[in-house]
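J.: Take a look at the following structure, please.
The values are calculated or read from the model by the stated rules, or taken from the named source; none is laboratory data. Keep in mind the model is a prediction, meaning the values are calculated, not measured. In this analysis, Cβ positions are derived from the backbone assuming ideal geometry, glycine residues included, and neighbour counts consider all displayed protein chains.
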Amino acid sequence: MKWPDSSTLAKNPDRLTVVMLAHPQCPCTRASIGELAIAAAQAPGQLDIYVVFLDSPAFEIESDLWRSALDIPDARVIADPDGAEIQMFGVKASGHTLVYDGGGRLMFSGGIVSSRGHAGANFGREAIVELARHGRSSVTSSPVFGCALQSRAFPLATAR
């Protein structure tokens with residue numbers, strides 16, 4: 001899978017681009033944002049990070065999750081009106097994280113927690129760090145444990 005051509009996010013041709021797509025009210029995503037912060041700290045200056053929050057009039061976007069994402073080094077926190085970016089990246093659950101190389105090739109897709117709402121060592125976070133440090137990882141996917149990414153204007157299928 002390649003980087004979506006119509007995305008407004010800019011991938012970095014010189015290093016990995018990490019995109020986490022999230023619902024600002026999902027309690028499960030708190031652990032995912034914490035794990036992303038750990039990965040960023042373990043690979044300083046090696047990742048371009050986007051945390052993209054579904055934005056809808058149905059809920060408040062600038063939640064504690066939004067503020068936590070702002071604290072991640074090298075992260076840009078983006079509001080995604082009614083899920084336009086989420087739809088382009090084709091994910092359905094909050095916390096789904098994608099890692100692309102400089103050419104836009106998908107290197108990892110999945111969750112970065114070991115179970116719903118639980119922080120701690122996990123294959124997803126390890127994959128991000130391995131990709132940043134070595135350019136490869138034996139892990140290319142992992143299960144996502146988050147709430148469905150949907151709004152009244154942009155309903156998505158139930159998350160897996």
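J.: For the stretch 1-46, how many residues are under 18 Å from Ala127 (Cβ atoms), among the polar types (S, T, N, Q) and either free of Cβ contacts under 8 Å to residues at least 24 places away in the same chain or crowded, with 19+ Cβ neighbours inside 10 Å (or both)?
T.: 2
J.: Does Asp48 satisfy the condition of being in contact with a strand residue (DSSP E or B) (Cβ under 9 Å, 6 or more places away or on another chain) and at pLDDT 95 or above?
T.: When the stated conditions are applied, Asp48 passes them.
J.: Moving on to the next point. Taking the conditions exactly as written (of a type in the set (S, T, N, Q) and either within 15 Å of the chain's Cα centre (by Cα) or at positive phi (or both)), does Thr29 satisfy them or not?
T.: Yes; evaluated as a whole, the condition is true for this residue.
J.: Next question, about the same structure. Just to be sure I understand, how many residues within the stretch 100-114 are within 12 Å of Asn12 (Cβ to Cβ) and either of a type in the set (Val, Ile, Thr) or surrounded by fewer than 17 Cβ atoms within 10 Å (Cβ to Cβ) (or both)?
T.: Of the residues in the stretch 100-114, 3 are within 12 Å of Asn12 (Cβ to Cβ) and either of a type in the set (Val, Ile, Thr) or surrounded by fewer than 17 Cβ atoms within 10 Å (Cβ to Cβ) (or both).
J.: What number of residues in the stretch 75-99 are in a loop (DSSP other than H, G, I, E, B) and either buried (at least 21 other Cβ atoms within 10 Å of the Cβ) or at pLDDT 95 or above (or both)?
T.: Of the residues in the stretch 75-99, 4 are in a loop (DSSP other than H, G, I, E, B) and either buried (at least 21 other Cβ atoms within 10 Å of the Cβ) or at pLDDT 95 or above (or both).
J.: To continue, here is another question. Of the residues Ile61, Ile78, Ile72, which single one is β-branched (Val, Ile, Thr) and touching a helix residue (DSSP H, G or I) at 6+ places or on another chain (Cβ under 6 Å)?
T.: Ile72
J.: Only one residue in Ile49, Ile72 is in a loop (DSSP other than H, G, I, E, B), aliphatic (A, V, I, L, M) and crowded, with 19+ Cβ neighbours inside 10 Å, so which one is that?
T.: Ile72
Conditions (1) modelled with pLDDT of 95 or more; (2) touching a Cys at 6+ places or on another chain (Cβ under 7 Å); (3) loosely packed, with under 15 Cβ neighbours inside 10 Å; (4) farther than 15 Å from Leu36 by Cα, marked per residue:
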| position | (1), (2), (3), (4) |
| --- | --- |
| Ala132 | yes, no, no, no |
| Gly135 | no, no, yes, yes |
| Val144 | no, no, no, no |
| Cys147 | no, yes, no, yes |
| Arg152 | no, no, yes, yes |
| Pro155 | no, no, yes, yes |
| Arg160 | no, no, yes, yes |
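J.: Cβ-Cβ below 7 Å, separation at least six or inter-chain, first residue in the stretch 69-84 and farther than 16 Å from Ala10 by Cβ, second part of a loop (DSSP other than H, G, I, E, B) and among the aromatic types (Phe, Trp, Tyr): which pairs?
T.: Matching pairs, first to second residue: Asp82/Phe154; Gly83/Phe154.
J.: Please go through the stretch 1-26 and pick out each residue that is of a type in the set (Val, Ile, Thr) and under 12 Å from the mean Cα position of the chain (by Cα).
T.: Those that are of a type in the set (Val, Ile, Thr) and under 12 Å from the mean Cα position of the chain (by Cα): Thr17, Val18, Val19.
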